[in-house]
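Student: Pasting in a structure now, in structure tokens, and then I'll have a few things to ask.
The values are calculated or read from the model by the stated rules, or taken from the named source; none is laboratory data. Values in this document were obtained by computation on a predicted structure and should not be read as measured data. Please note: Cβ atoms are built from the backbone with ideal geometry, for glycine as well, and neighbour counts cover all protein chains shown.
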Amino acid sequence: MKQNSVRTLTFWSGAVIVAILTAACNSPAPEQVPINPQPTAPAVPAALPIVETPQLLATVPAIMQPKPPTGPVLGTLALAAIDLGFTPNFFNVDAPGRYTIKLTNRGQITHDVTFPDGSKITAKPGETQQADVMIGPDGVKFNCSVPGHKESGMVGTISVGGKAVASTAESGGGHGGPAVATDIQPDPNAPAYVLRDPIAPQLLPGDVHDIDLPIKEVKMTVAKGFVQSVWTFGGTVPGPMIRVKVGDTVRIHLKNDPANKLAHSVDFHASMVAWNGAMTSINPGEEKLYEFKADYAGVWMYHCGTAPALHHIANGMYGMVIVEPKEGLPPVDKEFAFVQSEWYLGPQGEPSSLTKAAEASPAPDYVVFNGVADQYKDNPIQINTGKKVRVFVLDAGPSIESSFHIVGTIFDTVIKEGMRLTPDNPGHFGSQAVDLAPAQGAIVEFTMADDGLYPIVTHAFTYVGRGALGLFKAGDGKPKK
């Protein structure tokens, strides 16, 4: 007899760029600034002696010889340098004047923080250095002056009284540069983002599932300092995950909240239903039943299809459905789920920009895992060394492809759009990255051979510095080999 389970899903809760990925081939994974303590930075060889030539020093422009700071110290601004970025990279102070800048280098290469007047604080790996600088009434931008680091995203801003600091073309970069769009300034008062739990959902019990899927239009912090008015399934981006098995019946109770402004709909790629039937839009205050049988296994996308569908997806209306084979999946130590997607920032507190999203050559402000930029870089995901890990991954787009890759390991199992690679394949082939077009999904499995940090990226380098970065932390994070 079939069981009937009625439940509302629990909603769950994506900068290393070319330099980190290149370094990963020759050195341990870089240090980051997660919640958990990180391994001590390795010793740095003594620097070669510096020979100062008076004639050369005399030719340094005056701008490189900043005037000594004056007046009382109004406060201390502490930031950390990582490979490659600053955290935090945005400050707001109440008044102009003299401030102490405290730089801690938590990366594995030397970094500095440099200001337009030539003031510079340099720190080797593991060091903390500080100096006083003057912050003018218009605020100031800062960067790392090591060649290539600024272009790779090591930039930041200090605003005064919440006033935006003038943008400059120098803060951009075509090689995975800073994520922040030049036309939208970060809000110093923006709420902190909500960390999404990356743990994959459990298989729903029974074989008939009634699932409430409310549509909510809410405010969401999509990256540090940036709030958008997003359209959601269940109040989260991505929407709630659904995990069933082949042969199950899924009954989606779609409800458009009366407080919403727009009509919405849903399209489940795991279903076989007519577009002009269950997928039609409902207005605020209306609801409908979307029922389908899960006939095929895979990692499937669902999304709003209301015109313009591009805007509804770009503004947060998408989610993942996992359909297991009827016999289930083999047990593993841990399972995680990542949905890659894009943010095309609109003004603070407003919906994302359809104009940006509709460009023939899309250039998203952020590419993220599970809705929020860099959240798993800030909060590394703990796993066990030598134990099998399974990841469900979906590219929700709406427009950018994914080359899903985890630095430091090899996928021994890949199931992509019905195609399967298994560890016992003739020739013992493995996979280094999984290519996913928008709306495609995959399952990958792997182990970590040693304790350490393992970056989670799309190997499309341009987007790693724009939020598509996370970390697995194996063991205590300190390599033993």
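Student: Would you please name the residue that is farthest from GLY156 (Cα to Cα), looking only at residues in the stretch 81-108 that are crowded, with 20+ Cβ neighbours inside 10 Å and either β-branched (Val, Ile, Thr) or touching a helix residue (DSSP H, G or I) at 6+ places or on another chain (Cβ under 7 Å) (or both)?
Tutor: ASP83
Student: Restricting to the stretch 442-466, name every residue that is closer than 14 Å to PHE392 by Cα and either touching a Lys or Arg at 6+ places or on another chain (Cβ under 8 Å) or assigned by TED's automatic domain parsing to the domain that holds MET154 (or both).
Tutor: Correct list: ALA442, ILE443, VAL444, GLU445, PHE446.
Student: Here's something else I'd like to know. Check GLU335, GLU327 and return the single one that is acidic (Asp, Glu) and assigned to a strand (DSSP E or B).
Tutor: The conditions single out GLU335.
Student: Let me ask something else about it. Going by what's in this entry, would ILE215 be described as in contact with a Cys (Cβ under 9 Å, 6 or more places away or on another chain) and modelled with pLDDT of 95 or more? Spell out the reasoning first.
Tutor: Working: in contact with a Cys (Cβ under 9 Å, 6 or more places away or on another chain): yes; modelled with pLDDT of 95 or more: yes.
Criteria met by ILE215.
Student: I would also like to ask the following. I'd like the full set of residues that are closer than 15 Å to THR232 by Cβ and in contact with a Ser or Thr (Cβ under 6 Å, 6 or more places away or on another chain), limited to the stretch 264-285.
Tutor: Within the stretch 264-285, HIS264, SER265 meet the criteria.
Student: Identify, please: which residue in the stretch 335-347 is out of contact with any Lys or Arg (no Cβ under 7 Å at 6 or more places or on another chain) and either closer than 25 Å to ILE381 by Cα or acidic (Asp, Glu) (or both) and is, among those, surrounded by the fewest Cβ atoms within 10 Å (Cβ to Cβ)? Spell out how you get there, then give the answer.
Tutor: So the first thing to find is which residues in the stretch 335-347 are out of contact with any Lys or Arg (no Cβ under 7 Å at 6 or more places or on another chain), and the list is 336-343, 345-347.
Still in the list and also either closer than 25 Å to ILE381 by Cα or acidic (Asp, Glu) (or both): 336-343.
Numbers: PHE336: 20, ALA337: 26, PHE338: 25, VAL339: 26, GLN340: 25, SER341: 29, GLU342: 27, TRP343: 30.
Going through the qualifying residues, I end up with PHE336.
Student: Here's something else I'd like to know. May I ask you to verify whether ASP395 is in contact with an Asp or Glu (Cβ under 8 Å, 6 or more places away or on another chain), farther than 22 Å from MET241 by Cβ and assigned to a strand (DSSP E or B)?
Tutor: Considered against the rule, which asks whether it is in contact with an Asp or Glu (Cβ under 8 Å, 6 or more places away or on another chain), farther than 22 Å from MET241 by Cβ and assigned to a strand (DSSP E or B), ASP395 comes out as no.
Student: From the list GLY162, GLY176, pick out the single residue that is surrounded by 19 or more Cβ atoms within 10 Å (Cβ to Cβ) and at pLDDT below 90.
Tutor: Working: GLY162 fails: surrounded by 19 or more Cβ atoms within 10 Å (Cβ to Cβ).
Matching residue, one of GLY162, GLY176: GLY176.
Student: Here's a follow-up. Taking the stretch 124-151 only, how many residues are part of a loop (DSSP other than H, G, I, E, B), closer than 24 Å to PRO186 by Cβ and not small (Gly, Ala, Ser)? Reasoning before the result, please.
Tutor: Within the stretch 124-151, the first condition is being part of a loop (DSSP other than H, G, I, E, B), and the residues that meet it are 124-127, 136-139, 144-151.
Next cut, closer than 24 Å to PRO186 by Cβ only: 136-139, 144-146, 148-151.
With the extra rule that they be not small (Gly, Ala, Ser), the set shrinks to 137-138, 144, 146, 149-151.
Summing the residues that are part of a loop (DSSP other than H, G, I, E, B), closer than 24 Å to PRO186 by Cβ and not small (Gly, Ala, Ser) in the stretch 124-151 gives 7.
Student: Another question about this same structure. Between residues in the stretch 385-412 that are closer than 30 Å to CYS304 by Cβ and residues that are hydroxyl-bearing (Ser, Thr, Tyr), which pairs lie under 6 Å by C-beta distance while being six or more apart or on different chains?
Tutor: Taking only residues 6 or more apart or on different chains, the pairs are ASP395/SER402; ALA396/TYR318; ALA396/SER341; SER402/THR458; SER403/THR458.
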